[in-house]
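Below: one structure, written as C-alpha cells.
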C-alpha cells in the first residue's frame, strides 16, 4: 500500500516538473523569438551636418514605413526654441494627399511646435517618403534638439490599425531640396474656388473654399480680392467675404514661398443674399391677405 502511494507521489512530481519545463520553454521562446510590436519611423534629413550660428537650415521630414503600407499620419515635431528660430514651413514634394491639419509652426517660450495630420490616399510604402519641410535659423551651433510626440501612423489594411511612429535621431546630409527651393520658378498648380453659405458656418454669411498645391516650395498664403477691390491675405482654406453686398468677380491667388502666383476666380451675385428673405416675405403677405379675405367673408355671412 505504501509503495503504491509512493509511486503516485513520484508520478505527480514528474508531471509537475514537466509542466514547469513546458511553461519555462514557452516563456523563453516568446522572450527571445517573438516579433516586436511594429513601428514606423520618422527621419529628419538636414541640409548640413554642421550648423553655424545664424545659418539657415532646411529640414525634410521623411516617413520610413518599415515595409508596411501606411495611409495616414499625425503627430507633433518639437524643436528647441533656444537653438532654433523658425523661418518657414512648406509642403514641397509632399506625398500627403489631403491635409487634415496642415503643418504650421507654433512658437512657444522654450519650444517650437509643428503639428501635422494628413491622409495618403491608397497608402504608401517606402523609406524616404516626404511629409513636409521646414526651415530654421540656427541660434546656437550643434545645440538643437528635435522631438516627436503624439505620433501615430495608420495601416492601409481596411481597419486603420494604428502603429507608433518613432524619430530616428540620425541626421543625414541632403543638399537636393535646398537647390530645388532656390530654383523654384513654377507657379502653384491650377485650382478651383467654391462659393457657399451654411447655416452652421460664419453666421450664414457667404464664404469661399479652395485648396492649391505647389510641388516645389509649397503654398505660403492666399490673397483674396473681393468685388469692392479690397485685398485680404490668409493661410486658411476657407474665407468669409467681408463685403456681402457687392456683386462681381472674386479673385483668389495662391502664392508659393518664392512669390510664384496662380489665380482662380468665381462670380458673386449679392442679390442672392436677399432672395430667401423676399420669397419668405411674399409668402407671409399672401397668407395675411387670404386670412383677411376669409375673415371678411365670415363676418358678412354672420350679418
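We did not get these values from a lab; they are worked out from the coordinates using the rules stated. Remember, predicted model here, so these are calculated numbers, not experimental data. Backbone-built Cβ (ideal geometry, glycine too); neighbour counts: all protein chains shown.
Descriptive notes on the structure:
- Exposure proxy ranking for 224, 231, based on other Cβ atoms within 10 angstrom of each Cβ and starting from the fewest, stands as 231, 224.
- Full extension of the chain between residue 95 and residue 150 yields a length gain of 17.7 nm, computed as 0.36 nm times the residue separation minus the alpha carbon distance.
- Potential extension, residue 267-residue 237 segment - 0.36 nm per residue separation minus Cα distance: 9.0 nm
- Across every direction, the projection of the convex hull enclosing the Cα atoms of the range 193-268 has a mean area of 4.8 nm².
- At R0 = 41 Å, FRET efficiency that the Cβ-Cβ distance of residue 203 and residue 69 yields, to 0.05: 0.40
- On the beta carbon distance between residue 223 and residue 127, with R0 = 30 Å, the FRET formula returns roughly 0.20.
- Taking other C-beta atoms within 10 Å as the exposure proxy, 291, 239, 207 rank 291, 207, 239 from fewest upward.
- Of the residues 64, 228, the one with the fewest other Cβ atoms within 10 Å heads the list, and the complete ranking is 228, 64.
- The range 81-103 versus the range 115-137: alpha-carbon centroid distance in Å: 9 Å
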